[in-house]
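Coordinate-derived values only; no laboratory data. Everything numeric here is computed off the predicted structure, so don't read it as measured data. Glycine gets a Cβ as well: all are built from the backbone with ideal geometry, and neighbour counts include every protein chain shown.
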Amino acid sequence: MFYFLFIPYTIMLIIMELTMKPLTFFPAVLLLLVTASGLSAQRPDTDRLEASEGPVTIQPVRHGTLVLSWNGITIYADPAGGAGAFQGIESPDLVLITDIHGDHLSLETLNGLNMGSSVLVVPRA
């Protein structure tokens, strides 16, 4: 029932690990992520959240897909919808896959993205 909380919690832990700093803005990010989960298929405007450690941008892409950016770190959550859906968005430093279904895991999308040295976090299948 509260499966949607897994993504923001995981993101929080990973950012804390990468920066070694506690996140004071997590409750607001969680609220924005939960709100973003009900958005339409068109890519809406980017949301910007001012936080004590720098602004967080949240870019909903489609159904279960979003991009978070904070202090030069770009995180793709469940990239799907084709590489074109990510035009104009920085390449990911981290890619989170939360499920093996097609709306969360798209090999076509992953193969079309500039993954460079991205870290992938995926579920066991």
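The amide H of V119, built 1.01 Å from its N in the peptide plane, has L94, V95 as neighbours under 5 Å, considering only residues 5 or more places off or on other chains. With the simple model of a label 7 Å out from the Cα in the direction of the Cβ, V119 to S91 spans 1.8 nm.
Sorted from longest to shortest, the spans of the Cα atoms of the range 66-114 along the three principal axes equal 30, 20, 13 Å.
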